[in-house]
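Asker: Below is one structure. I have some questions about it.
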Amino acid sequence: MTTLPLTPASADYGRLECGYFERGECRSCALIETEYRQQITDEEIWCHEVLAAVAPSVWLPSFTGAVRDFRNRAKLAVGGRAGQVTLGILDQEFHGVDLRECGIQAPTIRAVIPVLAEFLDATGLAPYDVSARRGELKFVHVTAAPSGDLMIRFVVRTQHGLDVLRSRRTRFLELVPHARVVSVNLLPEHKAVLEGSREELLHGGSLRMNLDRVDLHLRPQSFFQTNTTVAIGLYEQVAEWVEAVAAESLWDLYCGVGGFALHCAQPGGRSGDDQDHRVRRVTGVEVSEQAIESAKISAEELGVEAQFLADDATEFAEAALTAGAAGAERPDCVIVNPPRRGIGARLSAALEGSGVEHIVYSSCNPVSLAKDLARMPGYEATQARIFDMFPHTKHLEVAVVLTRR
């Protein structure tokens with residue numbers, strides 16, 4: 001087994017040395033040879049260029065976190081052979097590349113990967129052979145909470161794989177006692193996706209992500225940002241912006257498990273703040289029913305008044321913003337946090353014609369963000385900030401405050 005690929009000594013100098021990268025076994029961290037400060041400078045230059053047409057009035061300093069041990073989620077492809085599996089990625093010939101010592105993963109994830117491999121070896125189940133289209137084990141998804149608790153999801157091809165893993169549930173919980181959620185996902189189709197639609201819980205219900213001041217609950221198939229520290233910074237920044245515009249009513253579209261909505265649910269950003277007892281009316285909308293159930297659990301625990309709806313964000317906004325819609329209330333502020341494709345022409349048009357005073361747009365794709373902002377000329381970008389959610393890659397998160405002209 002190799003030594004830990006990301007060495008602390010190299011991190012001190014802002015550049016990481018990775019044995020996997022140097023040997024050509026994994027190139028996922030494409031910018032790892034670039035000094036981290038230079039990575040951020042390059043991101044800022046590129047992002048400013050992409051958004052030049054909308055020209056945010058103020059760019060706040062980029063928010064950065066750790067350069068190692070930062071990923072809270074690992075999507076491990078199962079390779080190798082029965083009794084000797086690899087957990088990591090598949091190369092161009094679909095052979096397994098074992099990345100159990102990957103240094104960007106959270107230490108709790110790195111520590112559990114050998115245990116997962118040992119457990120899977122003992123099952124005798126064969127890894128899925130992409131070329132031959134046979135085999136059983138496809139992926140293992142691991143999510144780590146700041147507390148060290150884990151959610152483990154096995155992705156298999158058939159009912160047989162599910163039955164075998166179910167029969168070994170007790171043994172697995174003995175091996176991984178800090179696993180708060182364990183499930184098996186069935187992906188019978190031969191296609192380039194990470195999971196199927198059917199999921200069976202073997203243990204627990206949700207993983208508590210204990211953040212600084214809001215605990216979020218993650219259920220299987222729920223989305224959460226991969227970098228906990230930077231995600232907290234993003235939530236706090238958006239809550240500060242919402243508070244600055246004194247929004248009394250708020251929509252959080254594409255709300256996921258309710259991160260933005262719950263951070264913004266009460267003015268001042270803190271539950272039970274003695275200085276301000278105003279209640280902000282918050283509505284979160286997300287197409288995933290699993291995520292909405294998670295958001296409702298968190299809201300109940302926090303004791304905040306927030307409504308969460310399982311619905312398509314665009315259809316919800318179009319219907320609610322239609323003039324004269326029954327019971328509709330135009331919010332003071334709308335938060336949107338769409339997937340990489342952006343909010344698109346329909347939702348952009350609905351917001352442009354809505355008269356909503358403020359929009360906060362959090363985007364993982366500045367290119368689609370620029371297109372969406374061009375569709376909303378009635379808004380001015382007043383502040384923007386980059387959040388480096390994915391160190392050593394070209395990917396980033398950028399949030400922008402829009403104010404009605």
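Asker: Restricting to DSSP loop positions (anything but H, G, I, E, B) with no more than 12 other Cβ atoms inside 10 Å of their own Cβ, which trypsin sites (Lys or Arg not before Pro) remain in region 110-156?
Answerer: Sparse-neighbourhood loop trypsin sites (Lys or Arg not before Pro): Arg133.
Asker: Still on this structure, I have one more. What distance in nm lies between label points placed 7 Å from Cα along the C-beta direction at Val58 and Val115?
Answerer: 4.6 nm
Asker: Stretched out fully, how many nm does the piece from Asp42 to Gln159 gain, at 0.36 nm a residue minus the Cα gap?
Answerer: Extra length from Asp42 to Gln159 when fully extended: 37.3 nm.
Asker: Rounded to the nearest 0.05, what FRET efficiency do Thr382 and Arg23 have when you use their Cβ-Cβ distance and R0 = 45 Å?
Answerer: 0.45
Asker: Tally up the carbon and sulfur contribution to the accessible surface of region 96-200 as a whole percent, 1.4 Å probe, everything protein left in place.
Answerer: That share works out to 51 percent.
Asker: Sort Trp241, Trp46 from largest to smallest accessible area, using a 1.4 Å probe on the heavy atoms of the protein chains.
Answerer: If we order Trp241, Trp46 from most to least accessible, we get Trp46, Trp241.
Asker: Testing the spin-label approximation: label points 7 Å from Cα along Cα→Cβ at Glu174 and Lys191. State their distance in nm.
Answerer: With each label placed 7 Å out from Cα toward Cβ, I get 4.0 nm.
Asker: Before I look further, what does the chain give for accessible area per residue, probe 1.4 Å, in whole square angstrom?
Answerer: 44 Å²
Asker: Mind listing P(r) for region 57-208? All alpha-carbon pairs, 5 Å bins, whole percents.
Answerer: Spelled out per bin, shortest first, that is 2, 9, 19, 22, 20, 13, 7, 3, 2, 2, 1, 0.
Asker: So how far apart, in nm, are the two label points at Ser147 and Glu35 if each is 7 Å from Cα heading toward Cβ?
Answerer: 4.2 nm
Asker: Now for a different question. Using a 1.4 angstrom probe with every protein chain in place, what is the largest-first accessible-area order of Thr170, Thr226, Thr34?
Answerer: Most to least solvent-accessible, the answer reads Thr170, Thr34, Thr226.
Asker: Evaluate E = 1/(1 + (r/R0)^6) for Val245 and Glu199, where r is the Cβ-Cβ distance and R0 equals 51 Å; express this FRET efficiency to the nearest 0.05.
Answerer: 0.85
The values are calculated or read from the model by the stated rules, or taken from the named source; none is laboratory data. This is a predicted model, so every value here is computed, not measured. Ideal geometry is used to build each Cβ from the backbone, glycine not excepted, and the neighbour counts take in all protein chains shown. Please note that ligands, DNA and RNA were not included when accessible areas were found on the heavy atoms of the full protein model with its side chains. Shrake-Rupley method; radii C 1.70, N 1.55, O 1.52, S 1.80 Å.
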